[in-house]
Amino acid sequence: MSETAEPPLPTLKHASLLSVLDNSIVVQNEGSMARDQFANERTWLSWTKLACTLIVLGFTIIMNLRLPSADPSNPSIDERYTKPIGITFVAIGLVAYMCGLIKYFKNLRLLIQHRTLVQAGWISFLLMGIVSIFTCTLMLIIISNHLG
């Protein structure tokens with residue numbers, strides 16, 4: 001019986017570059033490892049969706065939102081508030097994206113170590129508090145423009 005040697009695997013020219021860029025981690029699928037990883041990715045995608053929505057809303061406010069002027073005889077547009085409001089929404093969106101990214105990698109590291117993190121979601125509460133305060137401030141500005 002003749003032994004046939006398998007042909008050698010092709011080597012890539014840029015194997016060192018690919019090994020640097022490849023950050024795949026292989027772990028044993030014990031218990032609910034795959035399910036937990038998918039849940040972690042879904043959570044990150046939700047944070048990304050929230051961040052993109054806030055950033056697009058901020059740019060829309062900067063470009064299109066026009067608050068009426070307080071002086072009814074002057075029909076000019078009062079743009080003093082639109083730029084800071086839009087920039088605030090963009091900043092909140094960027095903070096939300098960074099929070100999601102940090103949570104994703106923290107949970108990924110814990111999954112690799114076969115540990116879990118049970119948290120109360122203080123980042124979510126903090127972000128919702130900032131958005132609520134910002135929304136109330138925006139409403140007060142609009143009301144003061146109409147009354148003043």
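Only the coordinates and a few stated rules stand behind these numbers; no lab work does. All values derive from a computational prediction rather than experimental measurement. Please note: Cβ atoms are built from the backbone with ideal geometry, for glycine as well, and neighbour counts cover all protein chains shown.
Between Asn145 and Lys49, the modelled labels are 3.1 nm apart [label points 7 Å from Cα along Cα→Cβ].
Efficiency by 1/(1 + (r/R0)^6): what FRET value for Thr135 and Ala34, r their Cβ-Cβ distance, R0 = 41 Å, to the nearest 0.05? So the FRET efficiency works out to roughly 0.55. Potential lengthening of the chain between Glu41 and Ile123 amounts to 27.8 nm, from the contour at 0.36 nm per residue minus the alpha-carbon distance.
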